[in-house]
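> Have a look at this one before I ask anything.
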Amino acid sequence: MNEKMEPVRKTDDEAIRLARKLLNETKYASLGVNDTMSDFPLVSRVAAGFSQKTGLFFAGSDLSLHSKCLVKDKKCSLMLGEPGKGDGLAYARITFVGEASRIGNDHALRGEFREIFVSTHPKAELYIDFLDFGFYPLKLNRAYLNGGFGKAYHLEKQDLSLLYG
């Protein structure tokens, strides 16, 4: 038995449905950036949002370390998906890889980002209009979906375009 098993499945309709579900249930995410002070990875927890119009995004303060790092290096990853009871590795999660840049407070879609964000995070109404808070849409490059044990997928640009449909 020398047959090598391929651990990554071909992206199919089931994978796209699961990725959409994770996007639509998004509230919080793990954000990975390059810590430009140490040149080591840095992971933070951020409040996230998603809509067909805005795409995937998160909010952050200019005072946070991850926001300061993104000014110098826009490359990042955002992992969505929450474990439930039992083995946390049995639950679906997806990591989006791309670039994030803060939109200006005068950006034409800022109101749309704000509305989506506050509907997902009602308590954000208290701070989201502070001048140091901004929205970071993610320009997607690829994604890695893990639907649980034995269900790994690599989503490339053509697959990602299906997520917003």
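The values are calculated or read from the model by the stated rules, or taken from the named source; none is laboratory data. If you're wondering where the values come from, they're calculated on a predicted model, not measured in any experiment. As a convention, Cβ positions derive from the backbone with ideal geometry for all residues, glycine included, and neighbour counts pool all protein chains shown.
Table: residues versus (1) in contact (Cβ under 8 Å) with a residue 60 or more places away in the chain; (2) out of contact with any Ser or Thr (no Cβ under 6 Å at 6 or more places or on another chain); (3) surrounded by 14 or more Cβ atoms within 10 Å (Cβ to Cβ); (4) closer than 23 Å to Glu25 by Cα.
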residue	(1), (2), (3), (4)
Lys72	no, no, no, no
Glu82	no, yes, yes, yes
Phe113	yes, no, yes, yes
Val118	no, yes, yes, yes
Asp132	yes, no, no, no
Leu145	yes, yes, yes, yes
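> Val43 versus (1) buried (at least 16 other Cβ atoms within 10 Å of the Cβ); (2) not in a loop (DSSP other than H, G, I, E, B): which is the lone unmet condition?
The failed condition is (1).
> Could you check, for segment 56-78, whether at least one of its residues is under 14 Å from Phe96 (Cβ atoms), touching a His at 6+ places or on another chain (Cβ under 9 Å) and not polar (S, T, N, Q)?
So far as segment 56-78 goes, yes, one or more of its residues are under 14 Å from Phe96 (Cβ atoms), touching a His at 6+ places or on another chain (Cβ under 9 Å) and not polar (S, T, N, Q).
> Being among the aliphatic types (A, V, I, L, M), modelled with pLDDT of 95 or more and more than 17 Å from the chain's Cα centre (by Cα) is the requirement here; does Ala124 meet it?
Answer is yes for this residue.
> Go through segment 46-79 residue by residue and tally those that are part of a loop (DSSP other than H, G, I, E, B) and of a type in the set (A, V, I, L, M).
Here the count works out to 1.
> Next question. Against the condition at negative phi and either surrounded by fewer than 18 Cβ atoms within 10 Å (Cβ to Cβ) or free of Cβ contacts under 8 Å to residues at least 24 places away in the same chain (or both), how does Asp159 come out, does it pass?
no
> Something else about it: Which one of Ser64, Ser38 is in contact with a Ser or Thr (Cβ under 9 Å, 6 or more places away or on another chain), over 24 Å from Gln158 (Cβ atoms) and of a type in the set (Gly, Ala, Ser)?
Ser64
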